[in-house]
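Let me begin by presenting the structure, written as structure tokens, before commenting on it.
Every number here is computed from the coordinates shown, using simple stated rules; none is lab data. Given the structure is predicted, the values throughout are model-derived calculations rather than measurements. Cβ: placed from backbone, ideal geometry, glycine included. Neighbour counts: every protein chain shown.
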Amino acid sequence: MALPDLTGRSICILATHGFEQSELIQPRDDLKAAGAKVTIVSPESGEIRGWKGDDWGQSVSVDAPLDGAKAEDYDALVLPGGQINPDLLRADDTAMALIKAFAAAGKPIAAVCHAPWLLIEAGLVEGKTLTCYTSIRTDLKNAGANYVDQEVAVDGNLITSRNPDDLPAFGEAIARMVSEIADARSETV
């Protein structure tokens, strides 16, 4: 399915070492192909290394430092999963502040696999209908979320998916929400 045109839209992907390789690369490539400017933001500089299967995968270049990242500079935030990446980021105060700033602005936040851990840490899941990788579904439930086992769950500005098999639907949901918000803003101008 073709994604909506995202020309002129800017997407932030927040990640660090240990991101699930496909969960960063496929959304990045899909959103870029739809015309969005996609920026990899990280507490690390240079490159961050992905995880693929049961070992380290390929690295991607960091485009911008986390310290200078501001929610107002982007139309949406994408949080790739993997076990290592979100576990490191949820202990990073600057990363958590950025996620909370996107939430406060009502901007789309998309989290896949283990990345809903970041939504839990940010206090964003209570009463929300979300999905995630099967091994953290109890974490979501314990934090007050309504867990559903489906490829994509959209509740307000939150978009969640379970695993790499869901990435096409995940990318489509992100693009659709960014496009709808952009269209709504242009109608009010």
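Considering the conditions (1) free of Cβ contacts under 8 Å to residues at least 24 places away in the same chain; (2) closer than 23 Å to Asp75 by Cα, Met177 is excluded by exactly one of them, (1). Here Ile120 fits the description: crowded, with 16+ Cβ neighbours inside 10 Å and under 17 Å from Thr138 (Cβ atoms). Take the residues in region 150-189 that are among the small types (Gly, Ala, Ser) and crowded, with 19+ Cβ neighbours inside 10 Å, then tell me which one is nearest to Leu6 (Cα to Cα). Only one residue tops the list, namely Ala175. For region 1-27, filtered to residues that are assigned to a strand (DSSP E or B) and either among the hydrophobic types (A, V, I, L, M, F, W, C) or under 9 Å from the mean Cα position of the chain (by Cα) (or both), the residue that is surrounded by the most Cβ atoms within 10 Å (Cβ to Cβ) is Phe19. Given (1) in contact with a Phe, Trp or Tyr (Cβ under 8 Å, 6 or more places away or on another chain); (2) over 24 Å from Leu89 (Cα atoms); (3) β-branched (Val, Ile, Thr), where does Ile181 come up short, assuming only one miss? Tallying (1) in contact with a Phe, Trp or Tyr (Cβ under 8 Å, 6 or more places away or on another chain); (2) over 24 Å from Leu89 (Cα atoms); (3) β-branched (Val, Ile, Thr), Ile181 fails exactly one: (1).
Against the test of being small (Gly, Ala, Ser) and farther than 24 Å from Val152 by Cβ, the options Ser22, Ser45 yield a single qualifying residue, Ser45.
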